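My questions all concern the structure below.
The values are calculated or read from the model by the stated rules, or taken from the named source; none is laboratory data. Just so it is clear, the structure is predicted and the values come from calculations on it, not from any experiment. Cβ: placed from backbone, ideal geometry, glycine included. Neighbour counts: every protein chain shown.
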Amino acid sequence: MSNVKTAISVLWVMFTFVIGAYYFVLTNDVQNLEKELAQINRDIENDIRDIHILEADWSELNNPERLKNLAGKYISLDFIKPEQIINYSVLPLDGELFEKPTMLAKNKKGVRMLANTER
Amino acid sequence: MRIFNVCLVDGVHFNKEEVHYIKQRTGVIAPVRRANITDRNGVVVATNLPTVNLFTKPKRVSNPSLIAKKLNEIFPDISYEDFLIKLTKKSSFVYLRRNISPQQQAKVNALGFPELEFQPSEIRVYPQKELLAHVLGNTDIDNVGIAGIEKTLNDRLTNSTKDLRLTIDLGIQYAIRDELIKAKEEYMAERATAILMDINTSEVVALASVPDYDLNKRDFKDKDIKFNFATLGVYEAGSVFKVFNTALGLDSGKIKIHDKFDARFPLKMGRHKITDYRVPPKWLSVGETLIHSSNIASAQMALKVGKDLQIKFFKNLGFWDKIQNLEIFEKGKPIHRSEKYWLDHTVATAAFGYGISVTPMHIITAFSSILNGGIYTPPTLVIDHSQRQSKRVISKQTSLDMRKLLRDVVIEGSGKNANIDGYEVAGKTGTANKIVDGRYIKGKNVTSFVSAFPISNPKYALMVIIDDPKPTKKTFGFVTSGWNACPTGGRIIARIAPQLNIKPNFDTSTQREKILEKYGIRN
């Protein structure tokens, strides 16, 4: 009988030890994960703040006045005028370009511009 | 040690900062506490940036004069005396300087005073500076909205971190503001204002009023530059009202499009006489009334329609109350007589825009409804605004008739200077005496031009207002709308229409001839 009691006691001790060990491992893991989570959250916050700074910077770089000045300085682009937007059917046909050879010769530059630029 | 710590110490302890992160994770607190505002294409126009506040607990300060001296060297805009007062204050907490830069923070740190502490903070910045000044408004030092959209939508901006998308197009806004600055300078005006509206949805695509101010400077002293004339400026619009008067007449059925009105003699209304300015004294048709902008004929139309219908129509167009639902705080309340005192002479003068004062936003919204097929939709500055209810104010046929009539005003009448080839502009000019301190001032005017384009299938409505333009050589000494607001409107349309992807409607055969001639293929 006393052997049974001893065995039960030993089992209880072992069970308590296993539970305690399991509790320790679990709590340890949870704490590590919480710390990791806090770090991730901190990183996310830093990233969000960085994104805000970059967005503000990007917006300032895209200021229409700045873009207009840069376009004027480097690529000589100006506003589109309504008459620059034309329908394809308005352009002369190839045949028309050659219907007056003498005139074409006279206005070679104009025809070349038309052929190269507007098409 | 670890076993002891984990097993016997009660649970997991988080410091304040960690609790903050956990709250963030659960959505209780956002890392940035005020949402961005973007234009309709997603370009950020208002955002929050992290900064630091410098503070101290005065009771702990051991050497206030030395600290004040050192801080004054870093922040020369705050005097030594001011710092000293703060440092010796009998309180437990005091801000020494808010929103300091990282460089300034490093310098303060280098001083090595443990009494000086830092607190993370945020500052609202507006990367586009003055471009959207009157739309966005501003926030105070605690990031609480105090004007414009920032004030009206303060709860939305603080309760959600999702970007707030405006209907404003930054490129168009810039173009319009640029033209307004030029116009203000050219006509030596006090102020120039413009609104561009999507005629079918009443979305405000651009809203600018110059002079304006850089939102980042937070200079709240000059109230004049803060004044948003587009939504707050209540004024008598003058002949622009003839659009509404004519639409009402035609829609009521009491006026037919071919009816004629006697404009040979001034119209007597009690002690007063209604006269015309440079209008041929003859019988005028409805179209001619608009083309020549006749006050006499317009008044006769209004009298024929009557008081009740006029008031009902003005109410329908929103002229009786503040603009509903518009997400901007500064909204002007129309000024008009009460129904009881809306007598015959008021009916007559209201026909040409006197005796009732509304804001430009009222006018352009009503104008849009007249030309878009007859549907009034309250204006909005925010994409996906769901609480707006549209209503019919005139029939589709009346709307189509008005398109033709107003196109003629630009082809033959006072709107000629806005007749931009290809864009089929239709509109109406208006010039009204300016009221200062309740009295009309002779020689001072507010000129308006309200237009829509392309009128064959209207997409946008534009309103330009020039406050007190001066005569110039170029305008041959005239100060009426046709010489300032109207050409400004024309220049704006010519510049923004290609940006808005509106294809010009040219007569292709004429254009073809021009091209062939230009390049020497035709004689």
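To keep it simple, each residue is scored yes or no on (1) farther than 29 Å from B:T56 by Cα; (2) β-branched (V, I, T); (3) touching a strand residue (DSSP E or B) at 6+ places or on another chain (Cβ under 8 Å).
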position	(1), (2), (3)
B:S91	no, no, no
B:K107	no, no, no
B:A110	no, no, no
B:I123	no, yes, yes
B:T152	yes, yes, yes
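Would you be able to tell me the number of residues in segment A:1-50 that are of a type in the set (S, T, N, Q) and not in a helix (DSSP H, G or I)?
Count: 0.
Follow-up. Looking at A:L61, A:L37, can you tell me which residue is without any contact (Cβ under 8 Å) to a residue 24 or more places away in the chain, facing chain B (nearest Cβ under 10 Å), surrounded by 13 or more Cβ atoms within 10 Å (Cβ to Cβ) and within 30 Å of B:T51 (Cα to Cα)?
Testing whether each residue is without any contact (Cβ under 8 Å) to a residue 24 or more places away in the chain, facing chain B (nearest Cβ under 10 Å), surrounded by 13 or more Cβ atoms within 10 Å (Cβ to Cβ) and within 30 Å of B:T51 (Cα to Cα) leaves just A:L37.
Go through (1) at pLDDT 90 or above; (2) of a type in the set (K, R); (3) surrounded by fewer than 18 Cβ atoms within 10 Å (Cβ to Cβ) one by one and return the number of the condition B:K184 breaks.
Only one criterion is unmet by B:K184, namely (3).
For (1) in contact with a helix residue (DSSP H, G or I) (Cβ under 9 Å, 6 or more places away or on another chain); (2) more than 30 Å from B:F227 (Cβ to Cβ); (3) acidic (D, E), each residue gets a yes or a no:
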position	(1), (2), (3)
B:A46	yes, no, no
B:L66	no, yes, no
B:I78	yes, yes, no
B:N99	no, no, no
B:Q104	yes, yes, no
B:A110	no, yes, no
B:P114	yes, yes, no
B:V125	yes, no, no
B:Q128	yes, no, no
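B:N484 is checked against (1) within 7 Å of chain A (Cβ to nearest Cβ); (2) surrounded by 19 or more Cβ atoms within 10 Å (Cβ to Cβ); (3) polar (S, T, N, Q) and fails just one. What number does that condition carry?
If we test B:N484 against (1) within 7 Å of chain A (Cβ to nearest Cβ); (2) surrounded by 19 or more Cβ atoms within 10 Å (Cβ to Cβ); (3) polar (S, T, N, Q), just (1) comes out false.
Taking the conditions exactly as written (within 21 Å of B:V45 (Cα to Cα) and either out of contact with any strand residue (DSSP E or B) (no Cβ under 9 Å at 6 or more places or on another chain) or facing chain B (nearest Cβ under 7 Å) (or both)), does A:L67 satisfy them or not?
Considered against the rule, which asks whether it is within 21 Å of B:V45 (Cα to Cα) and either out of contact with any strand residue (DSSP E or B) (no Cβ under 9 Å at 6 or more places or on another chain) or facing chain B (nearest Cβ under 7 Å) (or both), A:L67 comes out as yes.
When B:Y174 is evaluated against the numbered criteria (1) within 14 Å of chain A (Cβ to nearest Cβ); (2) surrounded by 18 or more Cβ atoms within 10 Å (Cβ to Cβ); (3) free of Cβ contacts under 8 Å to residues at least 60 places away in the same chain; (4) over 29 Å from B:T193 (Cβ atoms), which criterion, by number, is the only one it fails?
Only one criterion is unmet by B:Y174, namely (4).
OK, next. Looking at B:A194 and the list (1) crowded, with 24+ Cβ neighbours inside 10 Å; (2) in contact with a Lys or Arg (Cβ under 6 Å, 6 or more places away or on another chain), which single condition is not satisfied?
Against the list (1) crowded, with 24+ Cβ neighbours inside 10 Å; (2) in contact with a Lys or Arg (Cβ under 6 Å, 6 or more places away or on another chain), B:A194 comes up short only on (2).
Is it the case that some residue within segment B:370-381 is out of contact with any helix residue (DSSP H, G or I) (no Cβ under 7 Å at 6 or more places or on another chain) and either aliphatic (A, V, I, L, M) or in a helix (DSSP H, G or I) (or both)?
No, there is no match, as no residue in segment B:370-381 is out of contact with any helix residue (DSSP H, G or I) (no Cβ under 7 Å at 6 or more places or on another chain) and either aliphatic (A, V, I, L, M) or in a helix (DSSP H, G or I) (or both).
Which members of segment B:453-498 meet the condition of being closer than 21 Å to A:P64 by Cα and among the polar types (S, T, N, Q)?
B:T488
Among the numbered conditions (1) in a helix (DSSP H, G or I); (2) aliphatic (A, V, I, L, M); (3) more than 7 Å from chain B (Cβ to nearest Cβ); (4) within 30 Å of B:V43 (Cα to Cα), tell me where A:I53 comes up short.
Unmet for A:I53, out of (1) in a helix (DSSP H, G or I); (2) aliphatic (A, V, I, L, M); (3) more than 7 Å from chain B (Cβ to nearest Cβ); (4) within 30 Å of B:V43 (Cα to Cα): (3).
Please determine whether any residue of segment B:316-325 is surrounded by fewer than 20 Cβ atoms within 10 Å (Cβ to Cβ), in contact with a Gly (Cβ under 8 Å, 6 or more places away or on another chain) and in a loop (DSSP other than H, G, I, E, B).
Checked segment B:316-325: at least one residue is surrounded by fewer than 20 Cβ atoms within 10 Å (Cβ to Cβ), in contact with a Gly (Cβ under 8 Å, 6 or more places away or on another chain) and in a loop (DSSP other than H, G, I, E, B).
Yes/no matrix, rows are residues, columns are (1) in contact (Cβ under 8 Å) with a residue 12 or more places away in the chain; (2) small (G, A, S); (3) assigned to a loop (DSSP other than H, G, I, E, B):
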{"position": "B:T447", "(1), (2), (3)": "yes, no, no"}
{"position": "B:P458", "(1), (2), (3)": "yes, no, yes"}
{"position": "B:M463", "(1), (2), (3)": "yes, no, no"}
{"position": "B:P469", "(1), (2), (3)": "yes, no, yes"}
{"position": "B:C486", "(1), (2), (3)": "yes, no, no"}
{"position": "B:I493", "(1), (2), (3)": "yes, no, no"}
{"position": "B:A497", "(1), (2), (3)": "yes, yes, no"}
{"position": "B:N501", "(1), (2), (3)": "no, no, yes"}
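Which condition number does B:D178 fail, the rest of (1) more than 26 Å from B:S390 (Cα to Cα); (2) part of a loop (DSSP other than H, G, I, E, B) being met?
Of the numbered conditions (1) more than 26 Å from B:S390 (Cα to Cα); (2) part of a loop (DSSP other than H, G, I, E, B), the odd one out for B:D178 is (2).
Considering only segment B:65-92, state which residues are under 42 Å from the mean Cα position of the chain (by Cα) and of a type outside the set (K, R).
Residues satisfying the conditions are B:N72, B:I74, B:F75, B:P76, B:D77, B:I78, B:S79, B:D82, B:F83.
While we're on this one: Could you look through segment A:68-94, keep only residues that are at pLDDT 85 or above and under 24 Å from B:K503 (Cα atoms), and pick out the one that is surrounded by the most Cβ atoms within 10 Å (Cβ to Cβ)?
Restricting to residues being at pLDDT 85 or above and under 24 Å from B:K503 (Cα atoms), the top hit is A:K68.
The rows are residues; the columns are (1) away from chain A (no Cβ under 14 Å); (2) over 26 Å from B:G332 (Cβ atoms); (3) at pLDDT 90 or above.
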site	(1), (2), (3)
B:F113	yes, yes, yes
B:L116	yes, yes, yes
B:S121	no, yes, no
B:P127	no, yes, yes
B:L136	no, no, yes
B:G145	yes, no, yes
B:G148	yes, no, yes
B:D155	yes, no, yes
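Okay, residues lined up against (1) modelled with pLDDT of 85 or more; (2) surrounded by fewer than 24 Cβ atoms within 10 Å (Cβ to Cβ):
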position	(1), (2)
B:D408	yes, yes
B:N419	yes, yes
B:V425	yes, no
B:R439	no, yes
B:G443	no, yes
B:F449	yes, no
B:I466	yes, no
B:T475	no, yes
